[in-house]
1. If you go through the stretch 269-297, how many residues are within 16 Å of the ligand (Cβ to nearest atom) and surrounded by fewer than 17 Cβ atoms within 10 Å (Cβ to Cβ)?
2. Please work out if residue 60 is farther than 27 Å from residue 373 by Cβ, within 13 Å of the ligand (Cβ to nearest atom) and in a helix (DSSP H, G or I).
3. I'm told residue 274 meets every condition in (1) in contact (Cβ under 8 Å) with a residue 12 or more places away in the chain; (2) out of contact with any strand residue (DSSP E or B) (no Cβ under 9 Å at 6 or more places or on another chain) except one. Can you identify the failing condition by its number?
4. All but one of (1) crowded, with 17+ Cβ neighbours inside 10 Å; (2) more than 29 Å from residue 282 (Cα to Cα) hold for residue 236; state the number of the condition that does not hold.
5. Answer with yes or no whether residue 5 is in contact (Cβ under 8 Å) with a residue 60 or more places away in the chain, assigned to a loop (DSSP other than H, G, I, E, B) and under 15 Å from residue 361 (Cα atoms).
6. Could you tell me how many of the residues in the stretch 214-241 are within 17 Å of residue 180 (Cα to Cα), touching a residue at least 40 places away in the same chain (Cβ under 8 Å) and either touching a helix residue (DSSP H, G or I) at 6+ places or on another chain (Cβ under 9 Å) or not in a loop (DSSP other than H, G, I, E, B) (or both)?
7. Which helices (runs of 4 or more DSSP H) does the stretch 104-213 wholly contain that include 3 or more residues that are free of Cβ contacts under 8 Å to residues at least 60 places away in the same chain and either within 19 Å of residue 335 (Cβ to Cβ) or within 16 Å of the chain's Cα centre (by Cα) (or both)?
8. Please verify whether residue 107 is crowded, with 24+ Cβ neighbours inside 10 Å, within 13 Å of the ligand (Cβ to nearest atom) and within 21 Å of residue 325 (Cα to Cα), treating the condition exactly as stated.
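The values are calculated or read from the model by the stated rules, or taken from the named source; none is laboratory data. Here the structure is a predicted model, which is why all the values come from computation and not from measurement. Note: ideal-geometry Cβ built from the backbone for every residue, glycine included; neighbour counts use all protein chains shown.
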Ligand SMILES: Cc1cc2nc3c(=O)[nH]c(=O)nc-3n(C[C@H](O)[C@H](O)[C@H](O)COP(=O)(O)O)c2cc1C
């Protein structure tokens, strides 16, 4: 089967123009935030767009992409391209996944169900957050044959944790992404100023609230007493840091690949490999956790070197355009995850909005790959870049 020609979205848009049909919203992947600002209430908008503390880490993420520049090569015969890659044994149409983004119903009522449908339609894996506004069973159904991974906010209660993991495995989530950088919520002034936190209102709690082990610990059901359920869940999934010696527990209860998300130091990558993990996501949570932290892109080469061939290295934080994806791949990532971009797409138009953003990103990636003189992600390396 020939590779999908993602760049063709460009032709489709221009041809529709002949019939006075325009794209549903902007194709400028760096303008999605300002466009979403016009559609969302303050609380949800700032929950998505906001960052930790002064916002320095989120800014650094973008600045790092700007500092690295592609060096195009000519006459390489890049007419026919294949963006396909293999991640943890899974063949993907492009080196792009949807990052776990919680509480998606705050930007669109269909939330994760819309995202799952859009992702499945393109064969792009969706990483479902523990903080989903729909149950993992509902999202699995919406995703159908689509590839799906599950992201764990590691509950302190082992029985609840195992029960959630078992449900995810039983419903076709192939890979576990354990997020390490958000064991407690950072100081986020944008949300604090509005006292805006969806979880304490029982939003983004569908997975625990539908979990038999979690429900067994409640005197009344979450449907009868949402506050009691919230008061049990919030301290269960936030507030307690884990340690490296706990990783065998995850290995014991998940028989697929495990990826640690939030790694920024080469030593942490080595420890992940020593602990038998399969991959890491080099991520600073899009600048939402440690204020004043290093740009995720700037630590990628060192983490990739430490990982060697022992771990697969994924990347996120600050990816907006096709060029950004190419830069991360050139610095050692196998694939990237995108977060806010598709959340803004969801805000613009549910499933169609996510599909539009993904198609724009994949088209931009495909065209920029070819115009830089490459036919596949495998051809990219540090010499594709100019730094400084
Ligand atoms: C609104 C929002 C919610 C998020 N929720 C989660 C989550 O539930 N679990 C998780 O591991 N990361 C979560 N993240 C972080 C993303 O997975 C990802 O690391 C980050 O968005 C990447 O940066 P980008 O937004 O610049 O692409 C969230 C990010 C945003 C913007």
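1. Matching residues across the stretch 269-297 total 1.
2. yes
3. The one condition residue 274 does not meet is (1).
4. Of (1) crowded, with 17+ Cβ neighbours inside 10 Å; (2) more than 29 Å from residue 282 (Cα to Cα), only one is false for residue 236: (2).
5. The answer is yes for residue 5.
6. Qualifying residue count for the region: 4.
7. In the stretch 104-213, the matching helices (runs of 4 or more DSSP H) lie at 111-122.
8. The answer is no for residue 107.
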